[in-house]
Amino acid sequence: MLRFYAAEEVHAALDYARLAEALVQAFAAGAQVPVRQAHSLGGSDTLLLMPAWNDAALGVKLVTVMPGNSARGVGTVQAIYVLLDRATGEPLALLDGEALTLRRTAATSALAARYLAREDAQNLLVVGAGRLAPYLASAHCALRPALRRVFVWSRDPARAQTAAQWLRDLGLPAQAAADLEATAREAHIISCATTATSAVVHGAWLAPGTHLDLVGGFTPAMREVDDAAAARSRIVVDTYAGALAEAGDLLAPLASGAIRRESVVAELAELVRGEKRGRTSAGEITLFKSVGSALEDLCAASLVLKRG
């Protein structure tokens, strides 16, 4: 019988430090990663297909986005991952797609911060209090034990309090932030996981040496920072193909002339291979823009299967 890995099994198998090291190897080796396919199902319902393969494995994440589900008491986004043997095509496993996405997204951001954040960074601000937010905070803290303070901000203060408590229950030094601008001005790493369509964090707030980690926006219409933030930053993306096609945080300042294509200096694979530099000075502001890559899903799913 084909093995199904439920959410709790996926989370248990994907320790952040171990997953980050697997992602280093995956990005360095590369994989075949076609552009994400989106298919309209009628109305506002969408099916997303995210395939990737390497010499060992082939995987596809199937994601449905159905806004009407909220009225049915079901989550808007549903996902499952299918992992197959590359040589034979034999199905190897089915995995909970949401858990896989939460873990690999958070680990990828924390991995990028290894190259882009200051070594002495101590204050982390997470902007947004949705499903991904506590996983981002956990991953950053796991890969950067020197972090001493974690702040969570949300437009809904109650959700920020809930997320902060979730993190405190894990033993992390978390608290809700009431004033976004004041907290951002003191933060060393700002990790954004929102569905905003206009800037939430502004470039004028950023102190020298700040690292911006932008995860929430995944369409051209979504934005988490303004043009000034992009213009002040050394910009790295998870992949050129994805970020330059889908990330409003880059496409908008490119269209306005605030940045040029050359402002996007590297993708994550070039950093892990040592082909490009991440942070170049202590006072530099850095920005990592992630829209998600199927390579990350394939890597994480393969690691779950390996750990059994």
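Report yes if some residue within region 63-72 is of a type outside the set (S, T, N, Q), out of contact with any Lys or Arg (no Cβ under 9 Å at 6 or more places or on another chain) and at pLDDT 95 or above; otherwise report no.
No.
What about residue 247, is it touching a strand residue (DSSP E or B) at 6+ places or on another chain (Cβ under 7 Å) and not charged (D, E, K, R)?
yes
Filter region 162-178 down to residues that are without any contact (Cβ under 8 Å) to a residue 40 or more places away in the chain and outside any helix (DSSP H, G or I) and give me whichever is nearest to residue 200 (Cα to Cα).
In the first step, residues of region 162-178 are kept if they are without any contact (Cβ under 8 Å) to a residue 40 or more places away in the chain; the result is 162-176, 178.
Next, only the ones that are outside any helix (DSSP H, G or I) stay: 170-176, 178.
Working: 170: 27, 171: 28, 172: 25, 173: 24, 174: 21, 175: 19, 176: 17, 178: 14 Å.
If we take residues in region 162-178 being without any contact (Cβ under 8 Å) to a residue 40 or more places away in the chain and outside any helix (DSSP H, G or I), then 178 is nearest to residue 200 (Cα to Cα).
Restricting to region 30-49, name every residue that is surrounded by 14 or more Cβ atoms within 10 Å (Cβ to Cβ), without any contact (Cβ under 8 Å) to a residue 40 or more places away in the chain and touching a Ser or Thr at 6+ places or on another chain (Cβ under 8 Å).
Of everything in region 30-49, those that are surrounded by 14 or more Cβ atoms within 10 Å (Cβ to Cβ), without any contact (Cβ under 8 Å) to a residue 40 or more places away in the chain and touching a Ser or Thr at 6+ places or on another chain (Cβ under 8 Å) turn out to be 45, 46, 47, 48.
Could you check how many residues of region 137-157 are open to solvent by 70 Å² or more (accessible area, probe 1.4 Å) and touching a residue at least 60 places away in the same chain (Cβ under 8 Å)?
Keep residues of region 137-157 that are open to solvent by 70 Å² or more (accessible area, probe 1.4 Å), which gives 145, 148-149, 155, 157.
Pick out the ones that are also touching a residue at least 60 places away in the same chain (Cβ under 8 Å) and you get none.
Qualifying residue count for the region: 0.
Would a scan of region 202-213 turn up a residue that is under 17 Å from the mean Cα position of the chain (by Cα) and of a type in the set (Gly, Ala, Ser)? Write out each step before concluding.
Taking region 202-213 as the starting set, the residues that turn out to be under 17 Å from the mean Cα position of the chain (by Cα) are 211-213.
Now narrow it down to the ones that are of a type in the set (Gly, Ala, Ser): none.
Among the residues of region 202-213, not one is under 17 Å from the mean Cα position of the chain (by Cα) and of a type in the set (Gly, Ala, Ser), which makes the answer no.
Only one of (1) farther than 30 Å from residue 241 by Cβ; (2) open to solvent by 20 Å² or more (accessible area, probe 1.4 Å) is not met by residue 160, so which one is it?
(2)
So how many residues does region 277-308 have that are in a loop (DSSP other than H, G, I, E, B) and either aromatic (Phe, Trp, Tyr) or on the phi < 0 side of the Ramachandran plot (or both)? Explain how you work it out, then say what you get.
Applying the first criterion (in a loop (DSSP other than H, G, I, E, B)) to region 277-308 yields 277-284, 290-293, 308.
Those still in the list that are either aromatic (Phe, Trp, Tyr) or on the phi < 0 side of the Ramachandran plot (or both) too: 277-284, 290-291, 293.
The number of residues fulfilling the criteria is 11.
Taking interchain pairs and intrachain pairs at least six residues apart, which have beta carbon atoms under 7 angstrom, with the first residue in region 1-29 and touching a residue at least 60 places away in the same chain (Cβ under 8 Å) and the second assigned to a strand (DSSP E or B) and charged (D, E, K, R)?
So the pair list comes out as 5/96; 6/96; 7/96; 10/96.
If the requirement is being open to solvent by less than 70 Å² (accessible area, probe 1.4 Å) and touching a Ser or Thr at 6+ places or on another chain (Cβ under 9 Å), which of these qualifies: 76, 101? Before the answer, list the steps.
Numbers: 101 fails: touching a Ser or Thr at 6+ places or on another chain (Cβ under 9 Å).
After applying the criteria, what remains is 76.
Taking region 79-98, which residues are among the β-branched types (Val, Ile, Thr) and either open to solvent by less than 40 Å² (accessible area, probe 1.4 Å) or in a strand (DSSP E or B) (or both)? Outline the logic, then answer.
Within region 79-98, the first condition is being among the β-branched types (Val, Ile, Thr), and the residues that meet it are 80, 82, 88.
Result: 80, 82.
Identify, by number, the condition in (1) without any contact (Cβ under 8 Å) to a residue 40 or more places away in the chain; (2) surrounded by fewer than 18 Cβ atoms within 10 Å (Cβ to Cβ); (3) over 23 Å from residue 308 (Cβ atoms) that residue 129 doesn't meet.
Only one criterion in (1) without any contact (Cβ under 8 Å) to a residue 40 or more places away in the chain; (2) surrounded by fewer than 18 Cβ atoms within 10 Å (Cβ to Cβ); (3) over 23 Å from residue 308 (Cβ atoms) is unmet by residue 129, namely (2).
How many residues does region 240-258 hold that are surrounded by 20 or more Cβ atoms within 10 Å (Cβ to Cβ) and in a loop (DSSP other than H, G, I, E, B)?
1
Considering only region 266-276, state which residues are on the phi < 0 side of the Ramachandran plot and surrounded by fewer than 17 Cβ atoms within 10 Å (Cβ to Cβ). It would help to see each step written out before you state the result.
Kept after step one, since they are on the phi < 0 side of the Ramachandran plot, are these residues of region 266-276: 266-273, 275-276.
Residues satisfying the conditions are 273, 275, 276.
What's the total number of residues in region 9-19 that are among the aliphatic types (A, V, I, L, M) and either more than 12 Å from residue 300 (Cβ to Cβ) or surrounded by fewer than 19 Cβ atoms within 10 Å (Cβ to Cβ) (or both)? Working first, answer last.
If we filter region 9-19 for residues that are among the aliphatic types (A, V, I, L, M), which is where we start, we get 10, 12-14, 17, 19.
Still in the list and also either more than 12 Å from residue 300 (Cβ to Cβ) or surrounded by fewer than 19 Cβ atoms within 10 Å (Cβ to Cβ) (or both): 12, 17.
The number of residues fulfilling the criteria is 2.
The values are calculated or read from the model by the stated rules, or taken from the named source; none is laboratory data. Bear in mind the structure is a predicted one, so any value in this text is a computation, not a measurement. With ideal geometry, Cβ positions are generated from the backbone for all residues, glycine too; neighbour counts draw on all protein chains shown. Keep in mind that these areas ignore ligands, DNA and RNA; they rest on the heavy atoms of the full protein, side chains included. Shrake-Rupley method; radii C 1.70, N 1.55, O 1.52, S 1.80 Å.
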